[in-house]
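In what follows, a single structure is set out as structure tokens and then discussed.
The values are calculated or read from the model by the stated rules, or taken from the named source; none is laboratory data. These numbers come from a predicted model, not from an experiment. Every residue, glycine as well, gets a Cβ built from its backbone with ideal geometry; the counts of neighbours run over all protein chains shown. The accessibility values were calculated without ligands, DNA or RNA, using every heavy atom of the protein model including side chains. Shrake-Rupley method; radii C 1.70, N 1.55, O 1.52, S 1.80 Å.
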Amino acid sequence: MGIGAHLARYAADQGWSVAISARSEDTLKEMADQSNGRMHAYPLDVLDLEATKTVVDAIERDLGPITIAVLNAGTHADMPASAFDATEVAKIYALNMTGMANGLDPLLKKFLPRGAGQIALTASVAGFRGLPRAGAYCASKAGTIAMAESLECEIGPKGVKIQVICPGFVRTPLTDKNDFPMPYLMEPEDAAKRIWNGLMSDRFEISFPRRFVWQLKFLQLLPARWYFALIRKATGQ
Ligand SMILES: NC(=O)c1ccc[n+]([C@@H]2O[C@H](COP(=O)([O-])OP(=O)(O)OC[C@H]3O[C@@H](n4cnc5c(N)ncnc54)[C@H](OP(=O)(O)O)[C@@H]3O)[C@@H](O)[C@H]2O)c1
């Protein structure tokens with residue numbers, strides 16, 4: 001189960017009414033059936049803008065105005081420079097960036113006139129700086145952080161809260177594919193709890209685990225030459 005599913009379960013355990021979306025109808029239905037009526041399934045492919053608008057309308061019709069929306073669908077594929085593939089890059093951008101924009105579109109149209117609502121975009125610590133074999137993923141997550149910052153400048157003063165979630169490595173079906181040691185790998189239950197606490201706070205950036213985040217923020221400050229030397233050594237490039 002991914003981060004989003006664990007977060008939905010955690011929110012439901014806190015007594016919230018949670019609308020859950022993904023493409024797998026059976027998984028959504030199973031989660032909803034096991035939730036004592038707290039979770040509600042809205043199957044959706046976020047690559048489809050019209051379908052996303054329809055689902056946002058349906059959620060508000062069934063459950064009332066959305067309080068918090070977490071735009072979390074995303075993917076990664078290992079891509080060394082020697083196997084650079086524009087089609088694969090486009091697939092990663094499509095889900096991680098266009099899919100997120102497809103959620104932002106109907107949500108902002110509802111939240112801004114109301115002057116209320118909260119949106120969290122799932123980025124990653126991989127958006128802090130470029131990492132080897134992950135150009136498309138890092139670019140998409142850096143873009144997500146920039147999107148959240150850009151929106152915050154405008155919508156924060158209008159009563160709509162936006163946050164960016166930057167997890168380190170979390171054990172999910174996505175990271176199960178990784179064939180390298182993942183520093184500070186966390187369990188998804190722990191990640192969900194940290195994200196929930198961040199959503200309940202007034203922090204703009206919900207990033208964790210702290211020690212890993214500090215190390216990466218330090219790397220962000222380094223001149224390019226030092227950064228490349230360090231990262232090549234650390235990753236054996
Ligand atoms: N795991 C990590 O270490 C980590 C670290 C930093 C950031 N993140 C980010 O956290 C987010 C979740 O990652 P994860 O590890 O939980 O991934 P995951 O286990 O692969 O889960 C991804 C979720 O997105 C859904 N999804 C995929 N394509 C979709 C589409 N077109 N429309 C709607 N839903 C779709 C999947 O459900 P269906 O397949 O049923 O659609 C699944 O529920 C991603 O944005 C990822 O980049 C993860």
Failed condition for G15, given (1) within 10 Å of the ligand (Cβ to nearest atom); (2) closer than 26 Å to N197 by Cα; (3) open to solvent by less than 70 Å² (accessible area, probe 1.4 Å); (4) without any contact (Cβ under 8 Å) to a residue 24 or more places away in the chain, with all others met?
(1)
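Looking at the structure I just gave you, is R211 closer than 25 Å to M1 by Cβ and of a type in the set (D, E, K, R)?
Working: closer than 25 Å to M1 by Cβ: no; of a type in the set (D, E, K, R): yes.
Against the criterion (closer than 25 Å to M1 by Cβ and of a type in the set (D, E, K, R)), R211 does not qualify.
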Quick one: count up the residues across the range 162-202 that are surrounded by 14 or more Cβ atoms within 10 Å (Cβ to Cβ), in a helix (DSSP H, G or I) and within 11 Å of the ligand (Cβ to nearest atom).
5
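This table checks each residue for (1) at negative phi; (2) surrounded by fewer than 20 Cβ atoms within 10 Å (Cβ to Cβ); (3) within 12 Å of the ligand (Cβ to nearest atom); (4) free of Cβ contacts under 8 Å to residues at least 12 places away in the same chain.
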| site | (1), (2), (3), (4) |
| --- | --- |
| G4 | yes, no, yes, no |
| A11 | yes, no, no, no |
| G37 | no, yes, no, yes |
| D48 | yes, yes, yes, no |
Among residues of the range 60-86, those that are open to solvent by 40 Å² or more (accessible area, probe 1.4 Å), within 16 Å of the ligand (Cβ to nearest atom) and over 26 Å from A19 (Cβ atoms), counted
1
What are the pairs, 6+ residues apart or on separate chains, where a residue within the range 137-161 that is under 19 Å from K91 (Cβ atoms) and of a type in the set (S, T, Y) has its Cβ under 6 Å from a residue that is open to solvent by less than 10 Å² (accessible area, probe 1.4 Å) and not in a helix (DSSP H, G or I)?
T144/L121; T144/A123
